[in-house]
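Chemist: What follows is a structure written as structure tokens; I'll ask about it next.
The values are calculated or read from the model by the stated rules, or taken from the named source; none is laboratory data. Since the model is a prediction, treat every value here as computed from it, not as a measurement. So basically every Cβ, Gly included, is an ideal-geometry build from the backbone, and we count neighbours across all protein chains shown.
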């Protein structure tokens, strides 16, 4: 029996298509392991995962990193919030007076004085804004994952998208690893790198 390929994937990433292609082409079993953004590299670094699908930025020291796709960022707020009246998009200028219930990964923050919020994960942040308190900015896929009827999300047009990438240790650059990279890059079974 072939050795299993263990791949972590960060909240919001969608590895299903690649997993299907892998299973159609390769004998090695593939195991997908959910990881949080805060710990997305831990398994790769400690060797419990062969690779990880991560949200950049990450420390790339000793790692290969291949960009897979970008995703837009959205502001999530209560359905009763003024944000709900906006069309499909807002910009950071529309959010300058808001309370961010969780710091934004880019470091952007509204000009209004911010409260000291306790640390919270994405689900907790969306529960907080659903109660009518502040907004949270998240990648669209994460906002969709935790979607609720009592919140709305609007694309934040002037924030750079977040990037999803595939990472693995430099010393683990073998044929199986490269075969999975090929699957994520859309190579067919007959294509070589």
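Chemist: Do we find that residue 110 is free of Cβ contacts under 8 Å to residues at least 24 places away in the same chain, in contact with a helix residue (DSSP H, G or I) (Cβ under 6 Å, 6 or more places away or on another chain) and in a loop (DSSP other than H, G, I, E, B) in this structure? Outline the logic, then answer.
Modeler: Numbers: free of Cβ contacts under 8 Å to residues at least 24 places away in the same chain: yes; in contact with a helix residue (DSSP H, G or I) (Cβ under 6 Å, 6 or more places away or on another chain): yes; in a loop (DSSP other than H, G, I, E, B): yes.
So residue 110 fits the description; yes.
Chemist: Continuing with this model, one more query. Here are some conditions: (1) surrounded by 15 or more Cβ atoms within 10 Å (Cβ to Cβ); (2) in a loop (DSSP other than H, G, I, E, B); (3) more than 16 Å from the chain's Cα centre (by Cα). Residue 186 meets all but one. Which one does it not meet?
Modeler: Of everything listed in (1) surrounded by 15 or more Cβ atoms within 10 Å (Cβ to Cβ); (2) in a loop (DSSP other than H, G, I, E, B); (3) more than 16 Å from the chain's Cα centre (by Cα), residue 186 misses just condition (1).
Chemist: Answer yes if at least one residue in segment 122-130 is in a loop (DSSP other than H, G, I, E, B), over 16 Å from the mean Cα position of the chain (by Cα) and surrounded by 12 or more Cβ atoms within 10 Å (Cβ to Cβ), and no otherwise. Quick ask: steps written out before the conclusion?
Modeler: So the first thing to find is which residues in segment 122-130 are in a loop (DSSP other than H, G, I, E, B), and the list is none.
No, every residue in segment 122-130 fails to be in a loop (DSSP other than H, G, I, E, B), over 16 Å from the mean Cα position of the chain (by Cα) and surrounded by 12 or more Cβ atoms within 10 Å (Cβ to Cβ).
Chemist: OK, next. Is it true that residue 179 is in contact (Cβ under 8 Å) with a residue 40 or more places away in the chain, in contact with a strand residue (DSSP E or B) (Cβ under 7 Å, 6 or more places away or on another chain) and surrounded by 14 or more Cβ atoms within 10 Å (Cβ to Cβ)? Outline the logic, then answer.
Modeler: Details: in contact (Cβ under 8 Å) with a residue 40 or more places away in the chain: yes; in contact with a strand residue (DSSP E or B) (Cβ under 7 Å, 6 or more places away or on another chain): no; surrounded by 14 or more Cβ atoms within 10 Å (Cβ to Cβ): yes.
Spelling it out, it is not the case that residue 179 is in contact (Cβ under 8 Å) with a residue 40 or more places away in the chain, in contact with a strand residue (DSSP E or B) (Cβ under 7 Å, 6 or more places away or on another chain) and surrounded by 14 or more Cβ atoms within 10 Å (Cβ to Cβ).
Chemist: Applying the selection to segment 26-60, what residues are buried (at least 16 other Cβ atoms within 10 Å of the Cβ), in a helix (DSSP H, G or I) and at pLDDT below 95?
Modeler: Passing the criteria: only 37.
Chemist: Among the listed residues 142, 90, 96, identify the single one that is in contact with a helix residue (DSSP H, G or I) (Cβ under 6 Å, 6 or more places away or on another chain) and either crowded, with 20+ Cβ neighbours inside 10 Å or at pLDDT 90 or above (or both). It would help to see each step written out before you state the result.
Modeler: Values: 90 fails: in contact with a helix residue (DSSP H, G or I) (Cβ under 6 Å, 6 or more places away or on another chain); 96 fails: in contact with a helix residue (DSSP H, G or I) (Cβ under 6 Å, 6 or more places away or on another chain).
Every option except 142 fails the conditions.
Chemist: Without any contact (Cβ under 8 Å) to a residue 24 or more places away in the chain and surrounded by 16 or more Cβ atoms within 10 Å (Cβ to Cβ) - does that describe any residue in segment 5-19?
Modeler: Looking only at segment 5-19, we keep the residues that are without any contact (Cβ under 8 Å) to a residue 24 or more places away in the chain, and these are 16-17, 19.
Filter again for surrounded by 16 or more Cβ atoms within 10 Å (Cβ to Cβ), leaving 19.
The answer is yes; a qualifying residue exists.
Chemist: Under 24 Å from residue 38 (Cβ atoms), without any contact (Cβ under 8 Å) to a residue 12 or more places away in the chain and surrounded by fewer than 18 Cβ atoms within 10 Å (Cβ to Cβ): does that describe residue 174?
Modeler: Working: under 24 Å from residue 38 (Cβ atoms): no; without any contact (Cβ under 8 Å) to a residue 12 or more places away in the chain: yes; surrounded by fewer than 18 Cβ atoms within 10 Å (Cβ to Cβ): yes.
So residue 174 fails the test.
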